[in-house]
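Scroll down for the structure; my scribbles are underneath it.
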Amino acid sequence: MMVSILKQKTYRDATNQVLFVGAIALTVLTFTMVGRENLEAQGITSGFGFLERSTGWSISFSLIEYSTSDPYWKALWVGFLNTAFLGAVSLCLATVLGLIVGIMRVSGNAMAELVGASFVEIFRNVPLLLQVFFWYALLTALPPPRSGIDVFGVVFLSGRGTYLPGLNVTGEMVFLAVVALLAALAGVLWLKSSRRFARTSAKDKKRFTRSLLVGWVFLTIVLFWIGRIPDTPLLNLPYLKGLNFRDGIRVPPELLACIVGISIYGAAYIGEIIRAGFNAIGKGQTEAGLALGLSTWQIFTRIRLPLAIRAVLPTLTNQYVWLFKSTTIGIAVGFADFFMIVSISINQSGQTLELIAILMGGFLLVNYSLAWVLNRVNDAIKLKGNQLRM
Amino acid sequence: MSDLSHAVRISRMEKFYGAFHALKDINLEVGKGERVVICGPSGSGKSTLIRCINKLENHQSGSINVLGTELDDNLDNIDEIRRETGMVFQHFNLFPHMTILENCTLAPRLVRKQSQPDAEEIAMEYLTKVKIPDQAEKFPGQLSGGQQQRVAIARALCMKPEIMLFDEPTSALDPEMISEVLDVMIALANEGMTMICVTHEMGFARQVADRVVFMADGQVIEEAPPSEFFDRPRHDRTRAFLNQILGH
Amino acid sequence: METVYREPTFVQSIRARYFSNLWDGAFTLAFASLVLWVVWNLFDWGVLNAVFSAENRDLCAHGSGGACWAVIDARWRLILFGLYPFEEQWRSAIACAVMVLVAGFSCVPFFWSARRLAGLWLSGFAVFYVLMRGGVFGLTPVFEQRWGGLSLTIFIFASVSLLGMPLAIAFALLRRSDLPWISRTMGVVIDTIRSLPLLTILFTFAIVVPFVLPDFLIGDKLYRVIVGYAIFFACYQAEIIRGGMQSLPAGQEEAAKALGMGCWYRIGYIVLPQAFRNALPPTINQFVITFKETTLVAIIGFFEILASGNAAYGTSEWNFAHVEVYAFVGMIFFVFVFALSRYGAYLERRLAVASR
């Protein structure tokens with residue numbers, strides 16, 4: 001009887017599944033139980049109550065107001081924003097630079113191909129952490145502010161940071177403008193992908209897209225006007241005063257080293273992806289463009305580039321998630337990113353399990369939403385219908 | 001230009017791929033309003049020949065003259081000839097990221113500098129002519145092969161070309177879709193368009209061609225009016241080819 | 001008149017590749033001058049004005065305008081071997097050479113079967129470990145805490161690969177299981193770990209795991225980190241293997257079933273060999289990334305080659321020479337990674353030809 005049950009496929013399958021899922025659940029459960037016990041033995045109460053306690057330590061770089069009396073949740077939020085900021089800036093720069101490198105590699109000009117290939121090989125074959133260390137060492141070895149390097153009177157480089165021109169506008173208004181931009185882009189995306197607009201003609205969609213973007217520009221101007229700081233010029237150039245620069249935006253070397261490192265490393269990878277995208281386009285579309293009398297430039301901007309972007313977007317999505325995760329190396333040069341704030345918090349509060357959970361939750365949230373948004377973009381622009389394979 | 005007697009005149013043209021001699025001493029003249037069908041076994045160079053006429057392929061020596069313009073290294077001449085010739089490809093080569101209408105209006109707007117409403121009006125006219133005006137807002141991937149090829153013909157016609165080049169337009173189609181494309185081509189022929197077609201559709205050749213050119217191994221073996229070509233072929237190779245293609 | 005084919009002359013081909021029109025020519029000149037400028041400056045800095053000997057430290061400390069390779073001359077043993085005892089460093093060097101040889105041998109087609117490859121790597125790894133650890137054959141024992149530099153990097157990389165690959169196969173098979181609860185649970189685990197940064201995983205295994213494990217399972221910090229890294233590696237590699245399996249035509253497995261092959265035979269003889277063949281280019285890419293990212297263990301306090309590099313210029317004696325040290329360590333990585341990625345590109349072309 002026993003044997004016959006074991007030989008029955010249904011029973012065996014069910015048992016296997018229960019065993020597998022059970023084993024995983026049991027492992028997680030044991031870890032949590034043992035962890036709690038160990039922590040309680042050290043006098044640390046589990047739970048998220050500690051988030052309301054004030055931290056008592058300062059953070060070197062923050063996009064929002066933060067003081068040592070602020071609670072843990074605010075410190076974590078500062079770290080999260082820093083990571084999001086670093087990731088957003090680096091990903092954008094990496095994309096632009098990668099696009100240039102990728103285009104150079106398919107340009108047909110042998111010299112441009114050589115430069116593009118050298119760029120990719122040099123920066124892709126050396127670990128990112130080493131590159132960030134290198135840029136950081138280079139940036140901190142710059143002369144002190146008093147004899148800093150002046151680039152056209154707009155940007156100043158010095159060992160204590162890089163100074164960029166800024167706008168005399170309150171932070172809230174800049175934040176609102178960014179939110180408005182994201183909302184406008186989401187609107188465009190929705191318009192392109194939602195089935196609700198399947199019957200709307202392409203011309204109407206284009207008109208609506210344009211008005212959304214024009215509306216955003218207008219709104220931004222209004223917001224900046226409201227939020228400008230009185231009695232100051234709108235543009236804020238850094239200038240040397242005493243031993244340091246005044247005004248402008250100071251980018252600390254830790255942040256700049258991370259941005260430069262991640263952008264260049266990412267660009268080397270993205271450049272290769274873009275090149276593969278161009279190579280994946282059939283020759284036929286180019287020939288059809290030539291036969292219609294389009295110029296090489298028109299064929300490139302209207303046909304090859306849009307097709308290449310569509311071809312690489314799924315690969316790029318993975319690359320973006322991967323690059324975003326690499327922002328954690330900020331801790332190596334002392335940039336106050338999410339991971340660094342979490343590890344300081346662990347040291348200071350001892351709430352190890354909760355903080356690790358928050359850390360993982362934060363990255364899962366960002367990466368899943370990044371992937372979700374890019375997949376929606378992909379749905380919106382991917383080629384419709386069945387494609388001929390040649 | 002209008003008093004020219006020929007649309008295309010090719011003389012003593014040679015073409016190499018590396019060391020491979022693809023086209024040997026081609027001499028061919030196509031008159032205005034003439035319909036010429038080029039046929040031959042695969043690898044005979046017929047596609048290469050037609051692609052040389054709008055310089056998708058470079059020839060190495062000899063001359064090609066299209067509507068009085070000499071095809072040489074001069075970029076202006078190449079642009080001029082590509083404007084005046086339309087081409088239809090075996091694999092359609094529609095732009096998959098643009099709607100049917102955008103496919104048809106892109107080149108008129110960019111090359112002929114037409115305004116968008118004008119270009120769309122002309123495009124709808126030709127889409128009506130190839131019997132798919134109702135598909136204008138769709139994307140190429142959503143259409144059948146036969147429909148796509150008809151769009152490709154309309155797209156070429158929107159440039160108001162003097163000459164139409166067809167490079168095996170029905171070879172990639174399922175059998176039941178071939179006739180809808182051939183019907184459009186026959187209608188076009190009846191309007192007096194100058195056409196050079198590379199095709200294996202011998203029925204089409206018999207019906208509309210003024211002349212059939214038979215090629216093999218990169219050479220023109222025989223050229224004759226269809227009645228003569230099909231009923232009294234002069235060369236053995238032509239006979240062998242016709243037996244193979246019509247024999248069973 | 002007979003026309004004959006002429007090879008394009010040298011001048012013609014240069015013209016076509018570099019100066020096909022006005023813009024092309026302008027770009028060529030601009031990029032060429034950029035390349036020349038960079039190459040000349042590097043040469044000027046790295047060779048012409050450089051100081052090579054450690055005895056001339058003072059010369060470069062006061063700014064010769066060139067590279068100070070003296071720091072490498074003085075500190076190369078620290079960078080390559082870390083704190084490994086001085087008189088035993090030959091063991092570390094031989095151990096590294098053995099692993100490099102193993103990696104080289106695995107590129108030879110003779111070893112391209114699961115059994116030979118596994119045997120090669122396991123025996124190479126055993127030799128490596130015995131040499132490094134000592135305690136047998138009259139070798140003085142050197143404990144893992146003193147390992148450092150290149151050999152620690154290679155040790156971590158090799159053990160992560162050896163541990164991660166079988167794990168990856170297991171994960172991929174579970175992920176592809178017909179039983180919905182198994183494949184779904186595995187999918188959640190893989191996706192979750194893949195969307196976490198490697199650094200947080202290493203950190204968790206180094207610092208947090210001791211809290212949640214029963215005492216007898218804790219082990220050395222180094223081995224915990226390796227296990228964590230191997231799990232991370234396995235989650236990425238499992239998806240690559242799964243991709244390779246998915247590109248197999250369904251007919252293959254059906255044919256094997258029709259021949260009466262059992263589940264394990266089908267997987268071992270039909271599915272996995274072909275899946276690995278399909279997935280070879282991304283697998284090599286994964287190894288490349290894994291090798292580069294071993295540097296992250298420096299952040300959680302291990303003395304691998306990047307950390308030993310930091311230490312090499314970290315003293316006040318050499319604190320001006322960071323660029324040279326990073327250039328040296330970067331070159332070491334470049335040689336390994338460039339060779340591996342070129343080999344991957346070569347395999348990709350070869351496979352593309354074979355499948356045509």
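The values are calculated or read from the model by the stated rules, or taken from the named source; none is laboratory data. Being a predicted model, the structure only gives us computed values, none of them experimental. Here the Cβ positions follow ideal geometry from the backbone for every residue, glycine too, while neighbour counts run over all protein chains shown. All accessible areas refer to the heavy atoms of the entire protein, side chains included, with ligands and DNA or RNA removed. Shrake-Rupley method; radii C 1.70, N 1.55, O 1.52, S 1.80 Å.
In region C:211-223, of all residues being at the interface with chain A (Cβ under 10 Å from one of its Cβ atoms) and in a helix (DSSP H, G or I), the one that is nearest to the chain's Cα centre (by Cα) corresponds to C:217.
Let's see how each residue does on (1) more than 14 Å from every other protein chain (Cβ to nearest Cβ); (2) under 20 Å from residue C:345 (Cα atoms); (3) free of Cβ contacts under 8 Å to residues at least 12 places away in the same chain; (4) part of a helix (DSSP H, G or I):
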residue	(1), (2), (3), (4)
C:228	no, no, no, yes
C:261	yes, no, yes, no
C:277	yes, yes, no, yes
C:283	yes, yes, no, yes
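The residue that is farthest from the other protein chains (Cβ to nearest Cβ), counting only those in region B:1-53 that are farther than 29 Å from residue B:239 by Cα and open to solvent by less than 10 Å² (accessible area, probe 1.4 Å), is B:6.
Going through (1) free of Cβ contacts under 8 Å to residues at least 40 places away in the same chain; (2) within 10 Å of another protein chain (Cβ to nearest Cβ); (3) open to solvent by 10 Å² or more (accessible area, probe 1.4 Å) one by one, residue B:81 falls short only on (3).
Set side by side, the residues C:207, C:226, C:240, C:231 differ, and just one is under 26 Å from the mean Cα position of the chain (by Cα), open to solvent by less than 10 Å² (accessible area, probe 1.4 Å) and more than 15 Å from residue A:367 (Cβ to Cβ), which is C:226. In summary, residue C:208 fulfils each of the numbered conditions (1) more than 14 Å from every other protein chain (Cβ to nearest Cβ); (2) farther than 30 Å from residue C:245 by Cβ; (3) assigned to a helix (DSSP H, G or I) with the single exception of condition (1). Number of residues in region B:126-182 that are part of a helix (DSSP H, G or I) and of a type in the set (Phe, Trp, Tyr): the value is 1.
All conditions but one from (1) under 22 Å from the mean Cα position of the chain (by Cα); (2) touching a residue at least 12 places away in the same chain (Cβ under 8 Å) apply to residue A:88; the one that does not is (2). Just to verify a result, which residue in region A:356-369, among those that are buried (at least 18 other Cβ atoms within 10 Å of the Cβ) and at the interface with chain C (Cβ under 9 Å from one of its Cβ atoms), is farthest from residue A:86 (Cα to Cα)? Only one residue fits best here, namely A:356. The residues in region C:181-193 that are surrounded by fewer than 19 Cβ atoms within 10 Å (Cβ to Cβ) and facing chain A (nearest Cβ under 8 Å) can be counted, and the count is 3.
Could you check region B:84-100 and list, in sequence order, the residues that are at the interface with another protein chain (Cβ under 8 Å from one of its Cβ atoms) and within 13 Å of residue B:155 (Cα to Cα)?
Listed by number, the residues that qualify are B:85, B:86, B:87, B:89, B:92, B:93, B:94, B:95, B:99.
Within region B:137-168, the residues that satisfy the criterion of being in contact with a Ser or Thr (Cβ under 8 Å, 6 or more places away or on another chain) and open to solvent by 10 Å² or more (accessible area, probe 1.4 Å) are B:137, B:138, B:139, B:161, B:162, B:167, B:168.
Here residue A:87 meets the list (1) within 14 Å of chain C (Cβ to nearest Cβ); (2) of a type outside the set (Val, Ile, Thr); (3) open to solvent by 50 Å² or more (accessible area, probe 1.4 Å) almost entirely, failing just condition (3). Listed conditions (1) surrounded by 21 or more Cβ atoms within 10 Å (Cβ to Cβ); (2) within 14 Å of another protein chain (Cβ to nearest Cβ) are all met by residue A:110, apart from (1). Taking the residues in region C:308-321 that are surrounded by fewer than 23 Cβ atoms within 10 Å (Cβ to Cβ) and assigned to a helix (DSSP H, G or I) as candidates, determine which candidate is farthest from the other protein chains (Cβ to nearest Cβ). Looking at residues that are surrounded by fewer than 23 Cβ atoms within 10 Å (Cβ to Cβ) and assigned to a helix (DSSP H, G or I), I get C:311.
Residues that are within 12 Å of another protein chain (Cβ to nearest Cβ), out of contact with any Lys or Arg (no Cβ under 7 Å at 6 or more places or on another chain), β-branched (Val, Ile, Thr) and on the phi < 0 side of the Ramachandran plot are absent from region B:107-130 altogether. Put simply, of A:336, A:288 the only residue that is assigned to a loop (DSSP other than H, G, I, E, B) and either out of contact with any Gly (no Cβ under 6 Å at 6 or more places or on another chain) or among the small types (Gly, Ala, Ser) (or both) is A:336.
Taking residue B:94, is it in contact (Cβ under 8 Å) with a residue 60 or more places away in the chain, over 14 Å from the mean Cα position of the chain (by Cα) and under 21 Å from residue A:300 (Cβ atoms)?
yes
Output yes when any residue across region C:239-251 is within 30 Å of residue C:331 (Cα to Cα) and modelled with pLDDT of 90 or more, and no when none is. Yes, region C:239-251 has at least one match. Screening the candidates C:275, C:256, C:279, C:250 for the property of being surrounded by 16 or more Cβ atoms within 10 Å (Cβ to Cβ) and over 33 Å from the mean Cα position of the chain (by Cα) yields one hit, C:256.
Conditions (1) in contact with a helix residue (DSSP H, G or I) (Cβ under 7 Å, 6 or more places away or on another chain); (2) more than 18 Å from residue B:102 (Cβ to Cβ); (3) within 10 Å of another protein chain (Cβ to nearest Cβ); (4) open to solvent by 40 Å² or more (accessible area, probe 1.4 Å), marked per residue:
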residue	(1), (2), (3), (4)
A:274	yes, yes, no, no
A:284	no, no, yes, no
A:300	no, no, no, no
A:317	yes, yes, no, no
A:320	yes, yes, no, no
A:323	yes, yes, no, no
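Number of residues in region A:125-161 that are assigned to a helix (DSSP H, G or I), open to solvent by less than 40 Å² (accessible area, probe 1.4 Å) and at pLDDT 75 or above equals 8.
Just to be sure, is residue B:56 open to solvent by 20 Å² or more (accessible area, probe 1.4 Å), among the aliphatic types (A, V, I, L, M) and either assigned to a loop (DSSP other than H, G, I, E, B) or over 22 Å from residue B:86 (Cα atoms) (or both)?
Judged against the criteria, residue B:56 is a match.
The set of residues in region B:86-97 that are open to solvent by less than 20 Å² (accessible area, probe 1.4 Å) and assigned to a loop (DSSP other than H, G, I, E, B) comprises B:89, B:92, B:93, B:94, B:95, B:96. Could you list, in sequence order, all residues of region A:162-172 that are in contact with a helix residue (DSSP H, G or I) (Cβ under 8 Å, 6 or more places away or on another chain) and either surrounded by 18 or more Cβ atoms within 10 Å (Cβ to Cβ) or at pLDDT 80 or above (or both)? The answer is A:162, A:169. Considering only residues in region A:28-42 that are within 9 Å of chain C (Cβ to nearest Cβ) and among the β-branched types (Val, Ile, Thr), the one that is farthest from residue C:208 (Cα to Cα) turns out to be A:30.
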